[in-house]
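Participant: The structure's right below; bear with me while I get my questions together.
The values are calculated or read from the model by the stated rules, or taken from the named source; none is laboratory data. These numbers were taken from a predicted model, which means no experiment stands behind them. Because the Cβ atoms are built from the backbone with ideal geometry, glycine has one as well, and the counts that use them run over all protein chains shown.
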Amino acid sequence: MPEVTMLEAIREALFEEFNRDPAVVTLGEDIGVFGGAFKATEGLLAKFGPERVIDTPISETGIVGAACGMSYLGLRPVVEMQFIDFIACCFNQVTNFVAKSHYRWGAPVPMVIRGPSGGGVHGGPFHSANPEMYFVHTPGLKVVYPSTAYDAKGLLKSAIRDNNPVLFFEHKFLYRRVKEQLPDSEYTIPIGKAAVRREGRDLTIVSYAAAAHTSLEAAKLLANDGIDAEVIDLRTLLPLDREAIVSSVKKTSKLLIVHEDTRTGGIAGEIAAIVCEDAFGHLDGPIARVTALDTPVPYSPPLEEYFLPSVEKVAAAARELAQY
Amino acid sequence: MNHQLSRERHLELYYFMQLNRQLEERLVRLFRQNKIVGGVYSSLGQEAISVGTAYALEPRDWLAPMIRNIGTLLVKGFKPRDIFTQHMAKATSPTHGKDGTSHFGDLKKLHVVSPISMLGDLIPVMAGVGMAGRYLRQKIVAMTWIGDGGSSTGAFHEGLNFAAVQRAPLVLILENNQWAYSTPVSRQAPLKNFADRALAYGIKSRVVDGNDVVAVHEVAKYAVDECRSGRGPILIEAQTMRMKGHAQHDPAEYVPKDMFEFWKARDPIPLYEKYLTERGLWDAKTKAEIDARIERELDEDQKFAEESPLPDPQTAKQGVYCEGCHTIQADWQRPKEQVMPPAASVQAVWKIADFGAAIMPSGAPNRQVQSESQSKPAQNRQQPPHQRSTRPAPHRPAERPPAVAASGEDGVHDVSEAPPLRVPFGRGPKDRAYEREQQQSRPAKHDRPHRRRRR
């Protein structure tokens, strides 16, 4: 079996779900004939036809609204945001219509909104954002943010089969950079379960998406210094796997949270609160965090590099924490 | 008399309109007794629109009401007790107290989508409902409502354009009730008829007297039939008047008194009662029977609502997610194989009609058209000064846009076919454009002193 990229894994998940269930349809800008800005949907139209692969106008509110309506009749629409930054255009539709539907009047919305997110590719302020926390703060949604090809495929399949609206963030820096062999047989990964990427005794690094790779690389550096870091990849941000975080902190007694999202209101604050609620007595040091700056994502490479968390920043924060 | 409607159906229209009104009058009383938790958004004077439009739908069709469309819910099959309990936030309400007013629905049986307070968002959602119905070959029509105010939102335009480009079986009823909270229509859009917007979306539209239930029903039936035959979406503007404030708290003192007077004389229920009497469709006894039935039903349901308990506080945390409580199953009315490979497979290429040159005369090279349009201003410059008008041209109200061939399947938009309904107070009594229009329509002799004065 050849290795596949994360992008190819996502495409495989779509093809398999389209084959499995004719209720699965997809809507988005340039996703049909063109196959999507990143080619995630390439080949879908030719195989499954224009009734299931719908090229839409530039109309995020229209797309998400229509997908919601389709889901009310039992379809399972997958919406592509050309860049996840544009989800801001349909914020109301997502947070007020879709997210509250089941709570308000018992109408489930089995839809997925997926799209490329994240920085590191010099996309500038409107093509690099990590807007996940707007939606983690919205009850009724599920928020998934994988970091590997294997997870992306398994989680996307779970997202499509879920009876709730799932926001599926695809880190575009990882699209073609992470590769691995995928199993021949079908598999899914449950939403809401974190993964331990590296076991360790001295401190816990909690992270997700591209920052999970940054954290793993930092853990390798730390190992040279004799610091044995455990790295947890959240994979799902809502619902958050409290259990995985708390049990790791109980083991290592130290917690560093790393994310590419901006600092204020990032998920690090929420995780710190959870650990204080559930494992305060086990902590041997302050909860530390390495995040992006509280600024828009800058365009110029040196600016963006300075903005993003890096292996060095993570390693430095971990070394400091290890001294407690 | 409408020949499509039997006597029974004529009487049913009355029943629903009167039920709508009496129910809301009871809600107002309950509000004053402090038994309503939130607001009461009256549809007084607009009942003919809710009832007449929803009555054109079949049970398989879908609708999504706006806040003043309680009548549509009654027609679709919800009971007054649902409305009472919703407003009173009772555990027995369709949403079990999670939401109020007309914010509820039913996916499985009645096919009603719950609205949200953000205006316009229902339009793309109902476009999607229509598209899914078409995909599943259910032959359904989706219907939703919007106000003159709500039609200014981005979601309205995105939704209608989306529906239009997808040819979704969507009937959009634009209730022009002259007021968006305290803001008159003239501050929403500089349009004579909101239905004119249909032209910009390449869809058909109609304007109808929203206080004439028979006319409303007729045009709605036409629209539903068109959509079911694949010729949607359609925009219908129903012109009417909101006879109360935005909600119970609002005495609507900003509305000119004579405007209320004008519309009160056009109250849809007395108008329809007269219609039924004149055509011998009922007598006093029949009316009394229907009215008594309404009282009986409302008494019973109001009692039920008042005696219902409030929800258990603990239930607040339930129901954010579907955790196996719903089975999601589409109702396929076509073989699934049709949408699976190889039957679904296509060649993924675009076919572009006229290569994008749709505005040019057929066969005319691009250059000719350009030079023609460029030559016009040049001619104007060469015009001798004495031939120019020394006075500015008198202002005329914008003419109705001509019917142009566009992307509609029949090529012509119906917006200019339907004569515009004259609604003098539509722009507000001090509206200059209306006054000008009135002056222009007067005989010339009336115009003379006016011109003399100007000199």
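Participant: List the pairs whose first member sits in the stretch A:282-294 and is in the same structural domain as A:GLY265 (by TED's automatic domain parsing) and closer than 19 Å to A:SER247 by Cα, whose second member is hydroxyl-bearing (Ser, Thr, Tyr) and exposed (fewer than 14 other Cβ atoms within 10 Å of the Cβ), and whose Cβ atoms are under 6 Å apart, counting only residues at least 6 apart or on separate chains?
Facilitator: These pairs meet every condition: A:ASP284/A:TYR324; A:GLY285/A:TYR324.
Participant: If you scan the stretch B:217-253, which residues turn out to be over 12 Å from the mean Cα position of the chain (by Cα) and of a type in the set (Ser, Thr, Tyr)?
Facilitator: If the condition is that a residue be over 12 Å from the mean Cα position of the chain (by Cα) and of a type in the set (Ser, Thr, Tyr), then B:TYR222, B:SER229 are the ones that fit.
Participant: I'd like the full set of residues that are over 28 Å from A:PRO131 (Cβ atoms) and charged (D, E, K, R), limited to the stretch A:270-324.
Facilitator: A:ASP284, A:ARG319, A:GLU320
Participant: Given the options A:GLU51, A:GLU16, name the one that is surrounded by fewer than 21 Cβ atoms within 10 Å (Cβ to Cβ) and facing another protein chain (nearest Cβ under 7 Å).
Facilitator: A:GLU51 is the lone residue from the list that is surrounded by fewer than 21 Cβ atoms within 10 Å (Cβ to Cβ) and facing another protein chain (nearest Cβ under 7 Å).
Participant: From (1) out of contact with any helix residue (DSSP H, G or I) (no Cβ under 7 Å at 6 or more places or on another chain); (2) crowded, with 24+ Cβ neighbours inside 10 Å, pick out the condition that doesn't hold for B:VAL165.
Facilitator: (2)
Participant: Still on this structure, please answer the following. Which one is nearest to B:GLY38 (Cα to Cα), of the residues in the stretch B:218-257 that are among the hydrophobic types (A, V, I, L, M, F, W, C) and either touching a Pro at 6+ places or on another chain (Cβ under 6 Å) or assigned to a loop (DSSP other than H, G, I, E, B) (or both)?
Facilitator: For the stretch B:218-257, the residue satisfying everything is B:ALA247.
Participant: When the stretch A:131-147 is examined, which residues are found to be surrounded by fewer than 24 Cβ atoms within 10 Å (Cβ to Cβ) and more than 14 Å from chain B (Cβ to nearest Cβ)?
Facilitator: A:PRO131, A:MET133, A:TYR134
Participant: Here is a follow-up. Just the residues that are within 30 Å of B:LYS274 (Cα to Cα), part of a helix (DSSP H, G or I) and in contact with a Leu (Cβ under 9 Å, 6 or more places away or on another chain), please, taken from the stretch B:186-215.
Facilitator: Selection gives B:PHE194, B:ALA195, B:VAL213, B:VAL214.
Participant: I need a count of the residues in the stretch B:334-365 that are in contact with a helix residue (DSSP H, G or I) (Cβ under 6 Å, 6 or more places away or on another chain), more than 9 Å from chain A (Cβ to nearest Cβ) and either surrounded by fewer than 10 Cβ atoms within 10 Å (Cβ to Cβ) or at pLDDT 85 or above (or both).
Facilitator: 0
Participant: In addition: Of A:ALA194, A:ALA152, which residue is farther than 27 Å from A:TYR103 by Cα and of a type in the set (Gly, Ala, Ser)?
Facilitator: The conditions single out A:ALA152.
Participant: Restricting attention to the stretch A:175-232, report how many residues are β-branched (Val, Ile, Thr) and either farther than 26 Å from A:LYS157 by Cβ or touching a residue at least 60 places away in the same chain (Cβ under 8 Å) (or both). Steps first, answer last, please.
Facilitator: Applying the first criterion (β-branched (Val, Ile, Thr)) to the stretch A:175-232 yields A:178, A:188-189, A:191, A:196, A:204-206, A:214, A:227, A:231-232.
Filter once more, so that each one left must be either farther than 26 Å from A:LYS157 by Cβ or touching a residue at least 60 places away in the same chain (Cβ under 8 Å) (or both): A:178, A:204-206, A:214, A:227.
Count: 6.
Participant: Something else about it: Can you tell me which residue is nearest to B:TRP62 (Cα to Cα) among those in the stretch B:307-331 that are among the acidic types (Asp, Glu) and within 14 Å of chain A (Cβ to nearest Cβ)? Give the derivation first.
Facilitator: First pass over the stretch B:307-331, keeping only residues among the acidic types (Asp, Glu): B:307, B:312, B:323, B:331.
This time we only want the ones that are within 14 Å of chain A (Cβ to nearest Cβ), so: B:323, B:331.
Working: B:GLU323: 26, B:ASP331: 14 Å.
Filtering first and then ranking leaves B:ASP331.
Participant: Are any of the residues in the stretch B:172-186 surrounded by 22 or more Cβ atoms within 10 Å (Cβ to Cβ), closer than 19 Å to B:MET126 by Cβ, within 14 Å of chain A (Cβ to nearest Cβ) and hydrophobic (A, V, I, L, M, F, W, C)?
Facilitator: yes
Participant: Continuing with the same structure: Assess whether A:PHE91 counts as being more than 8 Å from chain B (Cβ to nearest Cβ) and within 17 Å of A:HIS137 (Cα to Cα).
Facilitator: Taking the combined requirement at face value, the residue satisfies it.
Participant: Which number in (1) among the acidic types (Asp, Glu); (2) more than 7 Å from chain B (Cβ to nearest Cβ); (3) surrounded by fewer than 24 Cβ atoms within 10 Å (Cβ to Cβ) marks the one condition that A:GLU80 misses?
Facilitator: Tallying (1) among the acidic types (Asp, Glu); (2) more than 7 Å from chain B (Cβ to nearest Cβ); (3) surrounded by fewer than 24 Cβ atoms within 10 Å (Cβ to Cβ), A:GLU80 fails exactly one: (3).
Participant: In the stretch B:309-358, what residues are in contact (Cβ under 8 Å) with a residue 40 or more places away in the chain and among the aromatic types (Phe, Trp, Tyr)?
Facilitator: Across the stretch B:309-358, the qualifying residue is only B:TRP332.
Participant: Based on this model, can you work out whether B:ALA330 counts as of a type in the set (Gly, Ala, Ser), under 31 Å from the mean Cα position of the chain (by Cα) and part of a loop (DSSP other than H, G, I, E, B)?
Facilitator: So B:ALA330 passes the test.
Participant: So, one more: Scan the stretch B:123-140 and give yes if some residue there is more than 9 Å from every other protein chain (Cβ to nearest Cβ) and either of a type in the set (A, V, I, L, M, F, W, C) or free of Cβ contacts under 8 Å to residues at least 24 places away in the same chain (or both), otherwise no.
Facilitator: no
Participant: Hey, can you tell me all the residues within the stretch B:30-63 that are over 20 Å from the mean Cα position of the chain (by Cα) and on the phi > 0 side of the Ramachandran plot?
Facilitator: B:ASN34
Participant: Grab the helices (runs of 4 or more DSSP H) fully contained in the stretch B:35-131, keeping just those with 1 or more residues being surrounded by 23 or more Cβ atoms within 10 Å (Cβ to Cβ) and of a type in the set (Phe, Trp, Tyr).
Facilitator: The helices (runs of 4 or more DSSP H) meeting that bar are B:80-87.
Participant: Hey, can you tell me all the residues within the stretch A:101-130 that are within 9 Å of chain B (Cβ to nearest Cβ), touching a residue at least 24 places away in the same chain (Cβ under 8 Å) and touching a Pro at 6+ places or on another chain (Cβ under 8 Å)?
Facilitator: Hits for the stretch A:101-130 are A:SER101, A:HIS102, A:TYR103, A:VAL109, A:PRO110.
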